[in-house]
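To keep things clear, I will list the structure first and then write my remarks on it.
The values are calculated or read from the model by the stated rules, or taken from the named source; none is laboratory data. Since the structure is predicted, the reported quantities are computational estimates derived from the model, not experimental observations. Cβ atoms come from the backbone with ideal geometry, glycine included; neighbour counts cover every protein chain shown. To get the accessible areas, we keep the full protein, side chains included, count just its heavy atoms, and leave off ligands, DNA and RNA. Shrake-Rupley method; radii C 1.70, N 1.55, O 1.52, S 1.80 Å.
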Amino acid sequence: MARQSGPEQDTARPKKRKRPKDVTQLHGHHVVTGPELRATFADDAPVRRGSFGRRLFHGIVLVLLLGVITAGAVGAWAVMNGVIKVPTAIASKAPASLCPSGTFDYVPNANVQLNVLNATSRGGLAATVADQLTARGYKVASVGNSDTSYSGTGVVVSGVKGQAAAFNIQRNLAGTDYFQDNREDESVDVIITPGYQGLVDPQLVDQTPGKLLCPREELRIADNSKWPVIPTRPAGQ
(Lines give C-alpha, C1' and ligand atoms only; values in the text may rest on other atoms or scores of the structure.)
Protein backbone atom coordinates (compact mmCIF):
# COMPACT_ATOMS: atom_id res chain seq x y z
CA MET A 1 0.00 0.00 0.00
CA ALA A 2 1.46 3.25 -1.05
CA ARG A 3 2.13 6.06 1.53
CA GLN A 4 0.01 9.07 1.21
CA SER A 5 1.61 12.38 0.79
CA GLY A 6 0.19 15.71 1.69
CA PRO A 7 -0.38 17.99 4.56
CA GLU A 8 -1.51 15.26 6.82
CA GLN A 9 1.77 13.45 6.51
CA ASP A 10 3.88 16.62 7.22
CA THR A 11 1.96 17.47 10.35
CA ALA A 12 2.57 14.06 11.67
CA ARG A 13 6.40 14.61 11.84
CA PRO A 14 7.75 15.71 15.29
CA LYS A 15 9.11 19.32 15.40
CA LYS A 16 12.75 19.86 16.28
CA ARG A 17 13.35 21.92 19.45
CA LYS A 18 15.61 24.98 19.10
CA ARG A 19 18.61 25.20 21.33
CA PRO A 20 18.35 27.89 23.99
CA LYS A 21 20.33 31.04 23.04
CA ASP A 22 23.70 31.40 24.82
CA VAL A 23 23.51 34.81 26.47
CA THR A 24 27.25 34.82 27.15
CA GLN A 25 28.04 34.99 23.45
CA LEU A 26 27.29 37.88 21.17
CA HIS A 27 28.52 37.79 17.60
CA GLY A 28 31.30 35.48 18.61
CA HIS A 29 32.42 37.53 21.64
CA HIS A 30 32.12 36.62 25.26
CA VAL A 31 29.75 38.77 27.28
CA VAL A 32 30.89 39.39 30.85
CA THR A 33 28.23 38.57 33.36
CA GLY A 34 27.50 40.35 36.60
CA PRO A 35 29.06 37.68 38.83
CA GLU A 36 32.21 37.66 36.67
CA LEU A 37 32.44 41.46 36.85
CA ARG A 38 32.05 41.51 40.61
CA ALA A 39 34.65 38.77 41.01
CA THR A 40 37.11 40.71 38.85
CA PHE A 41 36.78 43.97 40.85
CA ALA A 42 36.95 42.09 44.14
CA ASP A 43 40.29 40.56 43.09
CA ASP A 44 41.78 43.91 41.96
CA ALA A 45 40.67 45.96 44.99
CA PRO A 46 43.59 45.05 47.33
CA VAL A 47 46.13 45.75 44.63
CA ARG A 48 44.62 49.15 43.86
CA ARG A 49 44.45 50.11 47.52
CA GLY A 50 48.11 49.21 48.00
CA SER A 51 49.16 51.18 44.92
CA PHE A 52 47.30 54.28 46.11
CA GLY A 53 48.96 54.06 49.52
CA ARG A 54 52.43 53.91 47.97
CA ARG A 55 51.69 56.91 45.77
CA LEU A 56 50.41 58.88 48.76
CA PHE A 57 53.55 58.04 50.79
CA HIS A 58 55.86 59.06 47.94
CA GLY A 59 53.96 62.34 47.57
CA ILE A 60 54.35 63.16 51.26
CA VAL A 61 58.09 62.40 51.17
CA LEU A 62 58.53 64.61 48.11
CA VAL A 63 56.70 67.53 49.76
CA LEU A 64 58.83 67.24 52.92
CA LEU A 65 62.03 67.09 50.88
CA LEU A 66 61.07 70.21 48.94
CA GLY A 67 60.30 71.96 52.24
CA VAL A 68 63.74 71.11 53.66
CA ILE A 69 65.49 72.33 50.51
CA THR A 70 63.49 75.57 50.52
CA ALA A 71 64.20 76.20 54.22
CA GLY A 72 67.92 75.59 53.66
CA ALA A 73 68.01 78.01 50.74
CA VAL A 74 66.20 80.71 52.73
CA GLY A 75 68.49 80.19 55.73
CA ALA A 76 71.62 80.45 53.57
CA TRP A 77 70.32 83.66 52.02
CA ALA A 78 69.57 85.13 55.46
CA VAL A 79 73.08 84.35 56.75
CA MET A 80 74.78 85.72 53.63
CA ASN A 81 72.79 88.96 53.80
CA GLY A 82 73.24 89.47 57.52
CA VAL A 83 69.60 88.87 58.47
CA ILE A 84 70.76 86.03 60.70
CA LYS A 85 74.07 86.57 62.49
CA VAL A 86 76.11 83.53 63.38
CA PRO A 87 78.49 84.18 66.31
CA THR A 88 82.08 83.13 65.73
CA ALA A 89 84.24 81.08 68.04
CA ILE A 90 85.90 84.31 69.21
CA ALA A 91 82.62 85.52 70.68
CA SER A 92 82.53 82.69 73.20
CA LYS A 93 86.01 83.68 74.43
CA ALA A 94 85.20 87.38 74.76
CA PRO A 95 84.90 88.73 78.32
CA ALA A 96 81.42 89.68 79.46
CA SER A 97 82.59 93.25 80.00
CA LEU A 98 85.83 95.22 79.81
CA CYS A 99 84.41 98.17 81.71
CA PRO A 100 85.04 98.54 85.47
CA SER A 101 81.84 98.14 87.46
CA GLY A 102 82.76 100.17 90.52
CA THR A 103 81.27 103.51 91.55
CA PHE A 104 83.60 106.49 91.90
CA ASP A 105 83.43 109.85 93.63
CA TYR A 106 84.27 112.97 91.68
CA VAL A 107 87.85 113.79 92.75
CA PRO A 108 89.06 117.41 92.63
CA ASN A 109 90.49 118.52 89.28
CA ALA A 110 93.78 119.50 90.92
CA ASN A 111 94.37 115.83 91.88
CA VAL A 112 94.27 114.64 88.26
CA GLN A 113 97.47 114.38 86.20
CA LEU A 114 96.92 114.22 82.42
CA ASN A 115 98.64 113.46 79.15
CA VAL A 116 96.72 115.03 76.26
CA LEU A 117 97.16 113.42 72.82
CA ASN A 118 95.80 114.45 69.44
CA ALA A 119 94.59 111.64 67.14
CA THR A 120 92.89 113.92 64.61
CA SER A 121 94.06 115.74 61.50
CA ARG A 122 93.48 119.11 63.21
CA GLY A 123 96.89 120.50 64.03
CA GLY A 124 97.43 121.95 67.52
CA LEU A 125 94.23 120.47 68.92
CA ALA A 126 95.99 118.69 71.80
CA ALA A 127 97.62 121.95 72.91
CA THR A 128 94.27 123.79 72.75
CA VAL A 129 92.49 121.13 74.86
CA ALA A 130 95.43 121.00 77.29
CA ASP A 131 95.18 124.78 77.86
CA GLN A 132 91.44 124.46 78.53
CA LEU A 133 92.00 121.65 81.03
CA THR A 134 94.81 123.56 82.73
CA ALA A 135 92.42 126.48 83.15
CA ARG A 136 90.12 124.11 85.05
CA GLY A 137 92.88 123.18 87.49
CA TYR A 138 94.18 119.93 85.95
CA LYS A 139 97.88 119.09 85.90
CA VAL A 140 98.89 118.46 82.29
CA ALA A 141 102.15 116.51 82.21
CA SER A 142 102.60 116.17 78.43
CA VAL A 143 101.03 117.08 75.09
CA GLY A 144 101.53 115.06 71.91
CA ASN A 145 100.03 113.07 69.06
CA SER A 146 98.53 109.61 68.86
CA ASP A 147 98.10 107.21 65.95
CA THR A 148 94.88 105.56 67.15
CA SER A 149 92.18 104.83 64.56
CA TYR A 150 89.33 105.28 67.06
CA SER A 151 86.78 107.69 65.62
CA GLY A 152 84.49 108.50 68.55
CA THR A 153 84.46 111.57 70.79
CA GLY A 154 87.61 110.66 72.64
CA VAL A 155 89.39 108.00 74.67
CA VAL A 156 90.33 108.02 78.35
CA VAL A 157 93.01 105.53 79.42
CA SER A 158 94.32 104.74 82.89
CA GLY A 159 95.52 101.97 85.15
CA VAL A 160 93.55 100.68 88.14
CA LYS A 161 94.86 103.42 90.42
CA GLY A 162 93.81 106.16 88.01
CA GLN A 163 90.19 105.07 87.51
CA ALA A 164 88.74 107.75 89.83
CA ALA A 165 90.70 110.40 87.91
CA ALA A 166 89.48 108.90 84.60
CA PHE A 167 85.91 109.15 85.90
CA ASN A 168 86.49 112.87 86.55
CA ILE A 169 87.72 113.37 82.97
CA GLN A 170 84.73 111.57 81.49
CA ARG A 171 82.42 114.00 83.29
CA ASN A 172 84.27 116.93 81.66
CA LEU A 173 84.65 115.30 78.23
CA ALA A 174 81.25 113.71 77.57
CA GLY A 175 80.92 110.70 75.29
CA THR A 176 84.44 109.37 75.78
CA ASP A 177 85.26 105.65 75.93
CA TYR A 178 87.26 104.28 78.87
CA PHE A 179 90.05 101.73 78.46
CA GLN A 180 92.25 100.24 81.17
CA ASP A 181 95.95 99.46 80.70
CA ASN A 182 98.72 98.11 82.95
CA ARG A 183 100.24 101.35 84.21
CA GLU A 184 100.79 101.47 87.95
CA ASP A 185 100.48 105.21 88.60
CA GLU A 186 97.40 107.45 88.73
CA SER A 187 98.04 109.29 85.45
CA VAL A 188 95.39 109.47 82.74
CA ASP A 189 95.77 109.71 78.97
CA VAL A 190 93.19 111.80 77.18
CA ILE A 191 93.18 110.98 73.43
CA ILE A 192 91.26 113.48 71.32
CA THR A 193 89.67 111.71 68.33
CA PRO A 194 87.79 112.95 65.21
CA GLY A 195 84.41 113.00 66.97
CA TYR A 196 85.55 115.58 69.53
CA GLN A 197 83.29 118.65 69.79
CA GLY A 198 84.50 120.35 72.95
CA LEU A 199 84.50 120.10 76.73
CA VAL A 200 81.39 120.22 78.89
CA ASP A 201 80.70 123.72 80.19
CA PRO A 202 82.27 123.97 83.69
CA GLN A 203 78.94 124.97 85.28
CA LEU A 204 77.24 121.89 83.77
CA VAL A 205 79.74 119.24 84.88
CA ASP A 206 77.99 116.52 86.91
CA GLN A 207 80.03 115.97 90.10
CA THR A 208 77.84 113.28 91.68
CA PRO A 209 79.25 109.72 92.12
CA GLY A 210 78.97 107.39 89.14
CA LYS A 211 80.56 104.74 86.96
CA LEU A 212 83.11 104.78 84.18
CA LEU A 213 81.53 104.63 80.73
CA CYS A 214 82.42 102.25 77.89
CA PRO A 215 80.00 103.08 75.03
CA ARG A 216 81.71 100.63 72.67
CA GLU A 217 80.28 97.74 74.67
CA GLU A 218 76.78 98.74 73.62
CA LEU A 219 77.93 98.20 70.01
CA ARG A 220 79.83 94.98 70.68
CA ILE A 221 80.24 92.63 67.73
CA ALA A 222 81.28 88.99 67.57
CA ASP A 223 84.78 89.58 66.21
CA ASN A 224 87.08 91.05 68.86
CA SER A 225 89.62 91.97 66.19
CA LYS A 226 87.25 94.69 64.99
CA TRP A 227 87.08 96.45 68.32
CA PRO A 228 89.04 99.75 68.28
CA VAL A 229 92.68 99.24 69.21
CA ILE A 230 93.75 102.09 71.47
CA PRO A 231 97.46 102.95 71.90
CA THR A 232 98.34 104.28 75.33
CA ARG A 233 101.57 106.03 74.36
CA PRO A 234 102.23 109.02 72.12
CA ALA A 235 103.09 108.20 68.51
CA GLY A 236 106.79 107.60 67.91
CA GLN A 237 107.58 106.22 71.38
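Just how much of Phe52 is accessible, in Å², when a 1.4 Å probe is used and the result is rounded to the nearest 10?
That residue has around 120 Å² of solvent-accessible surface.
Could you please put Val116, Val63 in sequence from largest to smallest accessible area, using a 1.4 Å probe? Present the calculation step by step, with values, prior to reporting the outcome.
Values: Val116 0, Val63 100 Å².
So, going from the largest accessible area down, we get Val63, Val116.
Counting only protein chains, not ligands or nucleic acids, how are Glu184, Glu217 ordered by accessible area (probe 1.4 Å), most first?
Working: Glu184 150, Glu217 45 Å².
Descending accessible area places them as Glu184, Glu217.
To the nearest 10 square angstrom, what accessible area does Asp131 show with a 1.4 Å probe?
Its accessible surface works out to 110 Å², give or take rounding.
Compare the peptides 189-202, 68-81 by average per-residue count of other Cβ atoms within 10 angstrom and give them in order, highest first.
By packing density, highest mean first, the sequence is 189-202, 68-81.
Give me the extension gain from Tyr106 to Arg54: residue separation times 0.36 nm, minus the current Cα-Cα distance, reported in nm with one decimal.
Result for the pair: 10.7 nm of gain on full extension.
Let me make sure I get this right: for region 132-209, a, b and c are the square roots of the gyration tensor eigenvalues over alpha carbons, sorted descending. Under 1.5 in a/c it's rounded, otherwise prolate if a/b > b/c, else oblate. Which is it? Walk me through the numbers before you get to the answer.
Details: a/c = 1.41, a/b = 1.09, b/c = 1.30.
It is rounded, given that a/c, with a ≥ b ≥ c, falls under 1.5.
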